[in-house]
C-alpha cells in the first residue's frame, strides 16, 4: 500500500496531478492530455506507468478509488474530545457538536453556524467561575488554551451574553451554572 507521504511526493508534480485529475473522471486519453498540457505524449505514458505501478491507476487508466481511500484512512486522525469537556449536563446532540469541534482539549475551529457556535461558547463559558471578576488578560489566557483566536472567542462570548464586560473587567453571566444543592432541613 502506498503511504500518505509517498502519495504527496507523487501528487506534487503538476503533470502527475493532472493525470490523476483526468483519471478521476474517466479513462486517461494520453494523446488528448498531452495536447491539453502541452507536453510530449511519451511524458504522459511515463507518468501513467508510474501511477499504475504506484497503485493509483487501474490497468484501464482510471483512478483506483480504493487506493485513495486506503491512503486517507492511513492519515492521522484527530484525537477525540477530552471526556472532561463533556463530563456533565450535555445532551447527546450537544456532546456530538462539541466532539466535532474539539480535538483533545483544543478547539479545532470556531463554528460558523450560530447554533453550533453557541454550544461551543457555552462550554468555554464554563471555564469562568460565576461571581468572579476577570481582567481581560486572564480571559485571553484562558481562551488561548483552547484556540489561537482568543479575541474572536472573547467577542463572541460577550455578544452571546455568556460573559459581560465593563471597564476591562469580565464576569460570567450566561450558560449553565452548577446546581446549588438544597439546604438540609
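So the values come out like this:
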{"item": "Residue match in the range 61-79 (condition: under 21 Å from residue 7 (Cβ atoms), in contact with a helix residue (DSSP H, G or I) (Cβ under 6 Å, 6 or more places away or on another chain), surrounded by fewer than 16 Cβ atoms within 10 Å (Cβ to Cβ) and modelled with pLDDT of 90 or more)", "result": "yes"}
{"item": "Test: residue in the range 128-141 that is over 15 Å from residue 172 (Cα atoms) and buried (at least 16 other Cβ atoms within 10 Å of the Cβ)", "result": "no"}
{"item": "Scan of the range 45-70 for residues that are part of a helix (DSSP H, G or I) and under 12 Å from residue 20 (Cβ atoms), ordered by number", "result": "47, 48, 50, 51, 52, 65, 67, 68"}
{"item": "Scan of the range 1-36 for residues that are more than 26 Å from the chain's Cα centre (by Cα), part of a helix (DSSP H, G or I) and surrounded by fewer than 17 Cβ atoms within 10 Å (Cβ to Cβ), ordered by number", "result": "14, 15, 25, 31, 32, 35, 36"}
{"item": "Inter-residue pairs, beta-carbon under 9 Å, first without any contact (Cβ under 8 Å) to a residue 12 or more places away in the chain and in the range 119-142, second in a helix (DSSP H, G or I), 6+ apart", "result": "141/150"}
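Let's see how each residue does on (1) assigned by TED's automatic domain parsing to the domain that holds residue 153; (2) more than 30 Å from residue 146 (Cα to Cα); (3) free of Cβ contacts under 8 Å to residues at least 12 places away in the same chain:
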site: 17; (1), (2), (3): no, yes, yes
site: 23; (1), (2), (3): no, yes, no
site: 48; (1), (2), (3): no, yes, no
site: 51; (1), (2), (3): no, yes, no
site: 89; (1), (2), (3): yes, no, no
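The values are calculated or read from the model by the stated rules, or taken from the named source; none is laboratory data. Not measured: the values here are computed from a predicted model. Cβ atoms come from the backbone with ideal geometry, glycine included; neighbour counts cover every protein chain shown.
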